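A.B. asks: I have a structure here, written as structure tokens, and I will follow up with some questions on it.
The values are calculated or read from the model by the stated rules, or taken from the named source; none is laboratory data. All values derive from a computational prediction rather than experimental measurement. Backbone-built Cβ (ideal geometry, glycine too); neighbour counts: all protein chains shown. These area figures cover heavy atoms from the full protein model, side chains too; ligands, DNA and RNA do not enter into them. Shrake-Rupley method; radii C 1.70, N 1.55, O 1.52, S 1.80 Å.
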Amino acid sequence: MTRSGKVSVIGAGFYGSTTAQRLAEYDIFDTVALVDIIEGKPQGIALDINQSRPVEGFETKLVGSNDYAVTEGSDIVVITAGLPRKPGMSRMDLLETNAQIVRDVTEKVVAASPEAVIIVVSNPLDEMTALASLASGFPKNRVMGQAGMLDTARFTNNVAEELGVPVGSVTTLTLGSHGDTMVPVPSACSVDGKPLADLLPAEKIEELVTRTRNGGAEVVALLKTGSAYYAPSAAAARMARAVREDSGAVMPVCAWVDGEYGIDGVYLGVEAEIGAGGVKKVVERDLTDSELAALKEAAEAVRAKQADVADM
Ligand code: APR
């Protein structure tokens, strides 16, 4: 694919800078623009990544700034601005602070790039995605959040470690919220095509599900300052890549659900086809009765929280 287009990353912290690096190393964009409120931070990271280009062999150019002018005309914008968790905090504890940041950032993003696809990663994810959607005034398909691919990657890693098999042989899935009402979907999990339920006892699968649900907190507890960013940035960058390449890849993302699974009007973790223009289609799969009930429960939990952020 020829190199073209601009992707912007707002927030040059751990999540933003690793996302910018991954996007640049794909070598499919002309420009990766990086913006942060801290003077020198996006500029310094952009310079540092640009200096890695001769070694890694990519031409995509990083531009860092405190001014949204560098983001003008972006095809895709990844919003990572906001505080991360500290040990013991839930993602919900970030709600008010990050709502202010995400609203402000979204307004500036939209003014500079009225045609962009927005990918939100700031936490609490489902609420911040709904807020960015409201603040942008964009069609719902052009605003989505990153969580499902990360949670699914964590689930896959947990299963692969448990069974001592390559991650590439494992398929897993999580839907629902990026939080307490995450819905791991054991019926969609397999290893080399064999159902996970045939390979592990139910209690062991439940243990892996619990570890997946707490996957972010496990990293936060170990790091003590800040939250995860390697796996999160890998997931966000893949979403941006699918948009850029118009691949139609089906991935679990936080998307606007309106009618699918019998759920009305809410941002929720589901599988969707991702391509130019963002979410092309929410993909429904057969769920067991208990998985569907859990997904509906998650929808109602995030619906209530998303209503709260409308006024923030
Ligand atoms: N505009 C631009 N950047 C901002 C703004 C703003 N209004 N407010 C804060 N930032 C920047 C900070 O200056 C900082 O550089 O956002 C960056 C956040 O970086 P980190 O503290 O390293 O946090 P990070 O690990 O990158 O997580 C960012 O992603 O996973 C979520 O929960 C996490 O909400 C958090 C977000």
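A.B. asks: Given the structure, is residue 58 open to solvent by less than 20 Å² (accessible area, probe 1.4 Å), part of a loop (DSSP other than H, G, I, E, B) and more than 22 Å from residue 118 (Cβ to Cβ)?
C.D. replies: In short, yes.
A.B. asks: Also: Taking the conditions exactly as written (in contact with a Leu (Cβ under 9 Å, 6 or more places away or on another chain) and surrounded by fewer than 16 Cβ atoms within 10 Å (Cβ to Cβ)), does residue 106 satisfy them or not?
C.D. replies: no
A.B. asks: Got at least one residue in the range 117-125 being away from the ligand (no atom under 15 Å from the Cβ), more than 20 Å from residue 275 (Cβ to Cβ) and buried (at least 24 other Cβ atoms within 10 Å of the Cβ)?
C.D. replies: No: the range 117-125 contains no residue that is away from the ligand (no atom under 15 Å from the Cβ), more than 20 Å from residue 275 (Cβ to Cβ) and buried (at least 24 other Cβ atoms within 10 Å of the Cβ).
A.B. asks: Which residue, of 101, 37, is near the ligand (Cβ under 10 Å from one of its atoms), assigned to a loop (DSSP other than H, G, I, E, B) and under 29 Å from residue 312 (Cβ atoms)?
C.D. replies: Answer to the check: 37.
A.B. asks: If I go through the range 211-241 residue by residue, how many of them are of a type in the set (A, V, I, L, M, F, W, C) and more than 13 Å from the chain's Cα centre (by Cα)?
C.D. replies: Total satisfying the criteria: 6.
A.B. asks: OK, next. Can you tell which of 115, 107, 96, 127 is of a type in the set (Asp, Glu) and part of a loop (DSSP other than H, G, I, E, B)?
C.D. replies: Testing whether each residue is of a type in the set (Asp, Glu) and part of a loop (DSSP other than H, G, I, E, B) leaves just 115.
A.B. asks: Restricting to the range 175-232, name every residue that is open to solvent by less than 70 Å² (accessible area, probe 1.4 Å), β-branched (Val, Ile, Thr) and in contact (Cβ under 8 Å) with a residue 24 or more places away in the chain.
C.D. replies: Listed by number, the residues that qualify are 181, 183, 185, 191, 209, 212, 220.
A.B. asks: Continuing with the same structure: Examine the range 164-173 for a residue that is farther than 28 Å from residue 29 by Cα, of a type outside the set (D, E, K, R) and part of a helix (DSSP H, G or I), and state whether such a residue exists.
C.D. replies: Yes, that holds for at least one residue.
A.B. asks: Just one of the numbered conditions (1) open to solvent by less than 70 Å² (accessible area, probe 1.4 Å); (2) touching a residue at least 60 places away in the same chain (Cβ under 8 Å); (3) within 21 Å of the chain's Cα centre (by Cα) is not true of residue 287; which one?
C.D. replies: Failed condition: (3).
For every residue, the table says whether it meets (1) more than 16 Å from the ligand (Cβ to nearest atom); (2) among the β-branched types (Val, Ile, Thr).
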| residue | (1), (2) |
| --- | --- |
| 199 | yes, no |
| 202 | yes, no |
| 220 | no, yes |
| 225 | no, yes |
| 245 | yes, no |
| 261 | yes, no |
| 268 | yes, no |
| 274 | yes, yes |
| 277 | yes, no |
